[in-house]
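Engineer: Attaching a single structure in structure tokens format; questions to follow.
The values are calculated or read from the model by the stated rules, or taken from the named source; none is laboratory data. Note that the structure is predicted; figures quoted are calculated from it, not measured. FYI the Cβ positions are ideal-geometry reconstructions off the backbone, even for glycines, and counts take in every protein chain you see.
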């Protein structure tokens, strides 16, 4: 199956975080591609990736980067596809805030949806929701996923209730 979502990152060191998005998409049976595209070290590759993404069948791009984190914004400037930025706490980062702000504070006209620091799972979920708008099967899988989240919370409540007699119950 042709990839519907592109997952890109500034360097291989970002892979452990970005793998979370890939794992979510894989669990949802949503085809994706994953590669390294550096805004600073391979700018031509970045431009080519962004400009050809739509014609290659991609519907959303998830871009993770640390430090100055220019990749998501630069990719967004080269495509009309939605771009989801994942700020990554990297070895050259200042507590991750530099990455968060670099992705979050985009100029008017070049939006990048931004998830939490190291929040690649949420990026995968958001990408699935975007694709799911026009794909009933994906939308149904997301509804089931959200139901499992609710069930986990309810199970936790039951565990607390059994261990704490003063538990507040609705």
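Engineer: Tally the residues that are assigned to a helix (DSSP H, G or I) and in contact with a strand residue (DSSP E or B) (Cβ under 9 Å, 6 or more places away or on another chain), restricting the search to the range 46-56.
Structural biologist: 4
Engineer: Out of 73, 66, 57, 85, which single residue is in the same structural domain as residue 25 (by TED's automatic domain parsing) and at positive phi?
Structural biologist: Criteria check complete, one pass: 57.
Engineer: Could you pull out the residue among 111, 107 that is at pLDDT 95 or above, in the same structural domain as residue 27 (by TED's automatic domain parsing), surrounded by fewer than 10 Cβ atoms within 10 Å (Cβ to Cβ) and touching a helix residue (DSSP H, G or I) at 6+ places or on another chain (Cβ under 9 Å)?
Structural biologist: Sole residue among the options that is at pLDDT 95 or above, in the same structural domain as residue 27 (by TED's automatic domain parsing), surrounded by fewer than 10 Cβ atoms within 10 Å (Cβ to Cβ) and touching a helix residue (DSSP H, G or I) at 6+ places or on another chain (Cβ under 9 Å): 107.
Engineer: Find the residue count for the range 25-45, including only residues that are out of contact with any strand residue (DSSP E or B) (no Cβ under 9 Å at 6 or more places or on another chain) and under 19 Å from residue 128 (Cα atoms).
Structural biologist: Final tally of qualifying residues: 3.
Engineer: With (1) modelled with pLDDT under 95; (2) on the phi > 0 side of the Ramachandran plot; (3) in contact with a strand residue (DSSP E or B) (Cβ under 9 Å, 6 or more places away or on another chain) as the list, and residue 95 as the residue in question, which single condition is left unmet?
Structural biologist: Result: residue 95 passes all but (3).
Engineer: Restricting attention to the range 101-133, report how many residues are outside any loop (DSSP other than H, G, I, E, B) and in contact (Cβ under 8 Å) with a residue 24 or more places away in the chain.
Structural biologist: Pass one, the range 101-133, residues outside any loop (DSSP other than H, G, I, E, B): 101-104, 113-114, 120-132.
Of the ones still in play, those that are also in contact (Cβ under 8 Å) with a residue 24 or more places away in the chain are 102-103, 113-114, 120-121, 123-128, 130-131.
Of the residues in that region, 14 qualify.
Engineer: Can you find even one residue in the range 27-41 that is part of a helix (DSSP H, G or I), buried (at least 16 other Cβ atoms within 10 Å of the Cβ) and either touching a residue at least 40 places away in the same chain (Cβ under 8 Å) or outside the structural domain of residue 64 (by TED's automatic domain parsing) (or both)? Spell out the reasoning first.
Structural biologist: Going residue by residue through the range 27-41, those that are part of a helix (DSSP H, G or I) are 27.
Going one step further and asking which of them are buried (at least 16 other Cβ atoms within 10 Å of the Cβ), we end up with none.
No, every residue in the range 27-41 fails to be part of a helix (DSSP H, G or I), buried (at least 16 other Cβ atoms within 10 Å of the Cβ) and either touching a residue at least 40 places away in the same chain (Cβ under 8 Å) or outside the structural domain of residue 64 (by TED's automatic domain parsing) (or both).
Engineer: Condition test on residue 118, is it surrounded by fewer than 18 Cβ atoms within 10 Å (Cβ to Cβ) and either out of contact with any helix residue (DSSP H, G or I) (no Cβ under 6 Å at 6 or more places or on another chain) or at pLDDT 95 or above (or both)?
Structural biologist: When the stated conditions are applied, residue 118 does not pass them.
Engineer: Same structure, new question: I want to confirm something. Restricting to the range 79-99 and keeping residues that are in contact (Cβ under 8 Å) with a residue 24 or more places away in the chain and part of a helix (DSSP H, G or I), which single residue is nearest to residue 125 (Cα to Cα)?
Structural biologist: So, considering only residues that are in contact (Cβ under 8 Å) with a residue 24 or more places away in the chain and part of a helix (DSSP H, G or I), the one nearest to residue 125 (Cα to Cα) is 99.
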